[in-house]
Amino acid sequence: MKCVVGLSGGVDSSSVAAILKSNGHEVVGCTLKMFEAPKSQMAIANAKKVADFLGIQHEVIDCVADFKKYVTDYFVDSYLDGHTPNPCIMCNTHVKFQFINAFRKRHDADFLATGHYVRLSAVDDQRLELRQAVDIKKDQSYFLYAVDRDILSCAIFPLGEYKKTETRAMAREFGLHVAESSESQDICFVANNDYVSYIKNYEGKMPKCSENCGKSACNCFGAGIAGRIVDKNGNILGRHNGIFNYTIGQRKGLGLSGGPFFVCGFDVEKNEVIVTNKEGVKGNLITLRCVKFINREFSGDCLVQIRSTNSKIKAKLLRHEVANSNEAACICNTDQYQVELQEPEYGMAKGQHCVFYDVNNVVLGGGIIS
């Protein structure tokens with residue numbers, strides 16, 4: 001069969017291409033150019049070298065405009081609005097799998113493959129089963145819950161059954177030059193994981209100073225990016241240097257005496273960071289927007305994961321009707337859901353994604369915390 005592989009230039013996707021070719025499939029590689037940076041050019045060069053080594057066709061696809069619209073604009077806007085974004089989920093949903101699938105159709109390929117650590121199978125003609133990977137530490141099922149079901153139905157993830165150490169061992173056996181490539185935990189488009197500098201330098205997004213100092217991202221008190229840190233009663237406790245430097249539940253780096261204090265919210269209009277005590281950032285009820293399910297709608301007992309690095313928590317998913325959302329980069333339906341956690345959790349932030357699993361670690365769906 002013919003397969004399109006999304007080649008990122010790393011060890012995982014390169015190993016997938018090698019595995020599929022060794023199993024007798026006709027393999028075509030594609031690499032997405034998502035942003036302009038030396039890191040992107042290096043990834044493209046590595047992917048081309050792997051394709052040449054394996055003797056497979058390889059093409060580079062320009063998706064810079066879509067990546068900006070759905071990922072980097074969203075990323076910066078979210079932080080400036082006091083939300084905590086997840087750019088990987090937005091990229092998978094609106095860019096990566098959309099472009100790879102379009103490439104698959106152009107090449108009349110039977111399926112597409114990526115180097116994600118997740119397991120996927122068809123239960124029957126109506127149901128897909130997206131499951132946690134064998135390597136729990138590398139599992140990426142959290143990041144794929146919102147990928148279009150029609151795309152998932154023609155996707156395969158060969159690494160879902162392997163540990164990362166096994167993938168590297170296979171890459172060595174195949175003779176891939178990326179076998180020992182370093183693991184990156186950073187946001188791919190942010191240099192040195194310095195997202196604060198990235199936001200400050202992002203064209204056209206930083207607010208101008210209302211005190212007319214002539215700068216953007218200034219430090220004038222109460223203007224530009226700087227503002228007040230207040231408690232829930234509006235008492236001024238200190239000063240912040242930009243809302244985007246903070247996230248819900250944060251304790252360190254506030255520079256406040258007394259306390260301890262925890263960030264519990266933001267007033268974007270007043271440019272204020274709101275803090276409280278630890279109990280003030282503790283809760284067991286989450287409201288969601290843009291909920292999407294892998295198969296059928298679901299409500300009831302489940303496990304939920306509210307951050308990519310968190311363990312799953314016992315919960316109940318509840319449903320009720322609300323008006324449509326008009327957000328441009330939203331994967332919305334007309335229903336709003338709430339998640340009732342069995343035990344209170346700290347630091348649940350707007351913008352984070354809450355993903356639902358059954359007791360067998362099968363993804364049911366997910367939504368965005370509002």
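The values are calculated or read from the model by the stated rules, or taken from the named source; none is laboratory data. The shown structure was predicted, so the numbers you read here are calculated from the model rather than taken from an experiment. Cβ sites come from the backbone with ideal geometry, for glycine too, and all protein chains shown count toward neighbours.
Inspection of region 176-191 finds a residue satisfying the criterion of being assigned to a helix (DSSP H, G or I) and at pLDDT below 95. Of all residues in region 162-186 being within 22 Å of the chain's Cα centre (by Cα) and not hydroxyl-bearing (Ser, Thr, Tyr), which is surrounded by the fewest Cβ atoms within 10 Å (Cβ to Cβ)? Checking each candidate, the answer is GLN185.
The residues in region 93-117 that are buried (at least 18 other Cβ atoms within 10 Å of the Cβ) and of a type in the set (Asp, Glu) can be counted, and the count is 0.
Every residue in region 230-253 that is over 15 Å from VAL196 (Cβ atoms) and surrounded by 20 or more Cβ atoms within 10 Å (Cβ to Cβ), please. Across region 230-253, the qualifying residue is only ILE248. Checking each residue in region 222-242 for being at pLDDT 90 or above and more than 17 Å from VAL281 (Cβ to Cβ) picks out ARG228, GLY234, ASN235, ILE236, GLY238, ARG239.
Considering only region 16-28, I want to know if a residue exists there that is in contact with a Gly (Cβ under 7 Å, 6 or more places away or on another chain) and more than 17 Å from CYS188 (Cβ to Cβ). Checking region 16-28: at least one residue is in contact with a Gly (Cβ under 7 Å, 6 or more places away or on another chain) and more than 17 Å from CYS188 (Cβ to Cβ). Listed by position, the helices (runs of 4 or more DSSP H) inside region 1-86 whose residues that are modelled with pLDDT under 95 and of a type outside the set (S, T, N, Q) number at least 1 are 38-54, 73-80.
Just to be sure, is PHE262 over 24 Å from the mean Cα position of the chain (by Cα), at negative phi and buried (at least 17 other Cβ atoms within 10 Å of the Cβ)? Here the answer is yes, as PHE262 does meet what is asked. Candidates in region 249-307 are the residues that are outside any strand (DSSP E or B) and among the hydrophobic types (A, V, I, L, M, F, W, C); of these, the one that is farthest from GLU129 (Cα to Cα) is LEU256.
Across region 289-301, a minimum of one residue is classified as farther than 29 Å from GLY234 by Cβ, of a type outside the set (Ser, Thr, Tyr) and in contact with a Leu (Cβ under 6 Å, 6 or more places away or on another chain).
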